[in-house]
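Read the structure below first, then the notes.
A short reminder: the numbers here are calculations on the coordinates, not readings from a lab. These figures come from a predicted structure and were not determined experimentally. With ideal geometry, Cβ positions are generated from the backbone for all residues, glycine too; neighbour counts draw on all protein chains shown.
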Amino acid sequence: MKRLCPNKLLPFLAIDDFAFRKGDSYGTIICDLRTNQPIALLKGRDTSTVVNWLEKQPPIYAIARDGSNSYKTAITTTSPGRTGDYSI
């Protein structure tokens, strides 16, 4: 995992996958929706990778994500009471 900015309050995030090498290896990009800047690049796009990252973060108010079931599961696992989980 590459941290692109120091720890700070991250209330509004966007999460999506991308290809390091199309058809071979994929990752997850997490962006701050207030600044539109990437804040983390994760190796992999599976549930456990995202859960591990989310568990280390301060409280997050809302996350915009694609329709991926692995992202949905990671978000609900780490914050079952969160009101903002938006599929885009």
Charge dipole of the stretch 5-68 about the Cα centre (unit charges at C-beta), most positive-ward option of Val51, Ser25, Pro11: Pro11
Karplus (6.51, -1.76, 1.60) ³J(HN,Hα), θ = phi - 60°, over the stretch 52-69, in Hz, Gly and Pro reported as x: 4, 5, 4, 5, 8, 9, x, x, 10, 7, 8, 10, 9, 9, 7, x, 4, 5
